[in-house]
1. Pairs under 7 Å by beta carbon, first residue outside any helix (DSSP H, G or I) and surrounded by 14 or more Cβ atoms within 10 Å (Cβ to Cβ) in the range 449-471, partner hydroxyl-bearing (Ser, Thr, Tyr) and at pLDDT 90 or above, six or more apart or different chains?
2. For the condition farther than 25 Å from VAL236 by Cα, open to solvent by 10 Å² or more (accessible area, probe 1.4 Å) and not hydrophobic (A, V, I, L, M, F, W, C), what is the one hit in PRO70, PRO120?
3. Can we say LEU440 is under 30 Å from GLU199 (Cβ atoms), in contact with a Ser or Thr (Cβ under 6 Å, 6 or more places away or on another chain) and open to solvent by 20 Å² or more (accessible area, probe 1.4 Å)?
4. Just checking, does the range 381-404 include any residue being under 17 Å from GLU63 (Cβ atoms), modelled with pLDDT of 85 or more and either out of contact with any helix residue (DSSP H, G or I) (no Cβ under 6 Å at 6 or more places or on another chain) or open to solvent by less than 30 Å² (accessible area, probe 1.4 Å) (or both)?
5. Does the range 101-113 include one or more residues that are touching a residue at least 40 places away in the same chain (Cβ under 8 Å) and more than 19 Å from the chain's Cα centre (by Cα)?
6. One residue is enough: does the range 265-277 have a residue meeting the conditions touching a residue at least 24 places away in the same chain (Cβ under 8 Å) and acidic (Asp, Glu)?
7. Got a sec? Which helices (runs of 4 or more DSSP H) wholly within the range 225-317 have at least 3 residues that are at pLDDT 90 or above?
8. Quick check: anything in the range 408-424 at pLDDT 90 or above, in a helix (DSSP H, G or I), within 30 Å of ALA108 (Cβ to Cβ) and among the hydrophobic types (A, V, I, L, M, F, W, C)?
Amino acid sequence: MTSTTQKNSVTMWTLVSLIIGSCVGAGIFSLPQNIASVSGPGAMLIGWGIAGVGMLSVAFVFEILAHRKPHLDSGVYSYVRAGLGDFIGFAAGWGYWLGSVIAQVGYATLFFNTIGHYVPFFSSDNRLVSAISVSVMTWVIFAILARGVKQAALMNVVATVAKLVPILSFVVLVAFLGFSWDKFTFDFWGRDSGATVFEQVQGIMLFTVWVFIGVEGASVYSKQARKRSDVGRATVIGFLSVLFLLVSVSTLSFGVLSQAELAALPDNSMASVLEAVVGPWGGLFISIGLCLSVLGAYVSWQMLCAEPIVMMAIDGLIPHRIGKINTAGSPWVAQLISTTVIQLTVIIFFLNETSYTVMVQLATIMYLLPYIFSSIYLLMLATRGKGLTHPHAGVKFDLSGPEVSRSANRRHFVIAVVAFIYSMWLIYAADPVYVLFGALAVLPGTVPYVGTRLARKERVFNAFEWCVVALILAASAYAVWGLATGTLSL
């Protein structure tokens, strides 16, 4: 009885807090500038409407899959592997891992840019100082994690409070002291920007996804939920709470500064908006909250970003030794690989003078892979009851789960269709350059994957996977050609 109680001890409100804590990170602090750089108030509201329906459907895809396939517990990539085969599962896991790596660099860049507003030594003008600082912080955290020292519960509480208190304060202060209806409705459709409403809506799509990354958080802990029904309720409550904060911050900002003024703000644009309302102390207040929030998120994500490759190593998709755990209980090899790739990414982005916004867009494309493929898997379950055949995997993925009624199956089909259409719309809305460089980022991962297949004397690719590999190769070749000729750049 004790073990059962412990296993099913996660309450609904704990699940809600997990979603809010996962989604509300650095992205919301830069949201006013990000949105205003591509959209006016009217298109912004349309974009949030689309994002609300789309991302909620994505969240429910993972919640439904967690219910239908409770034995798949190797992270979100396990659904893709079960539905579409080893290589597609690997590509999704690799993409999710690289997205986390790029996000780490983006978080740290925003952190030091914010400090640089008050300490010029760290300003964005001193890019070399920023790059060195990010590198040092990354390796220090690796050294801590390799010793098995994980984030303390107190640090999680501090980071959560540090995020929510300044954000809620921003909403209240701006709503009552700084919001101007006349300013909000002036050029409501962003005609001065020269872009159509459709182009503006298209432009904000990846930013809306970026701030919703982590919305699938409740499904990860679905097996530990006190009641299975709590997962669905927590997903809705957590999602609507996050949506309220995101829409409030972006909407209220347009009532303080014009679109052009917002677009010209630095990355930590929420601080600048509050500073315009209450003075310098408001900007400092938000900046302190941002720095504490990003520090907490940075440690957590550097610890978690190694998880996808650990799981793939355990599942035999890449060399098994990558998932090795040391005596302190830390997957130090995976942590070392992740930290090294973060370091290489810092160097590449520094040499190319890559902005925080570019990092956000590229990371989001990588995160989309498991979203798209997981919705396809749910479509397969709803229509044919199983995923694709696995000719070179010795694991039976499609073990029977809970019985699903015909009406529930129809509902799952509709949710999967909405999630798939929304995810594909995001790919369409993205600048093609991010899609091409995303494919190029996936390509190096095929080397350890193929090597592992050959070492295990297993078939490398089936016919479907060869088609996907051909697409990746073609997109990568075009990206390399674009880099060489200067026609493509980040």
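The values are calculated or read from the model by the stated rules, or taken from the named source; none is laboratory data. Here the structure is a predicted model, which is why all the values come from computation and not from measurement. With ideal geometry, Cβ positions are generated from the backbone for all residues, glycine too; neighbour counts draw on all protein chains shown. For accessibility, only protein heavy atoms count, side chains too; no ligands or nucleic acids. Shrake-Rupley method; radii C 1.70, N 1.55, O 1.52, S 1.80 Å.
1. none
2. Matching residue, one of PRO70, PRO120: PRO120.
3. yes
4. Yes, the conditions are met somewhere in the range 381-404.
5. yes
6. Within the range 265-277, one or more residues are touching a residue at least 24 places away in the same chain (Cβ under 8 Å) and acidic (Asp, Glu).
7. Qualifying helices (runs of 4 or more DSSP H): 228-254, 259-263, 269-278, 280-304.
8. No, because not a single residue in the range 408-424 is at pLDDT 90 or above, in a helix (DSSP H, G or I), within 30 Å of ALA108 (Cβ to Cβ) and among the hydrophobic types (A, V, I, L, M, F, W, C).
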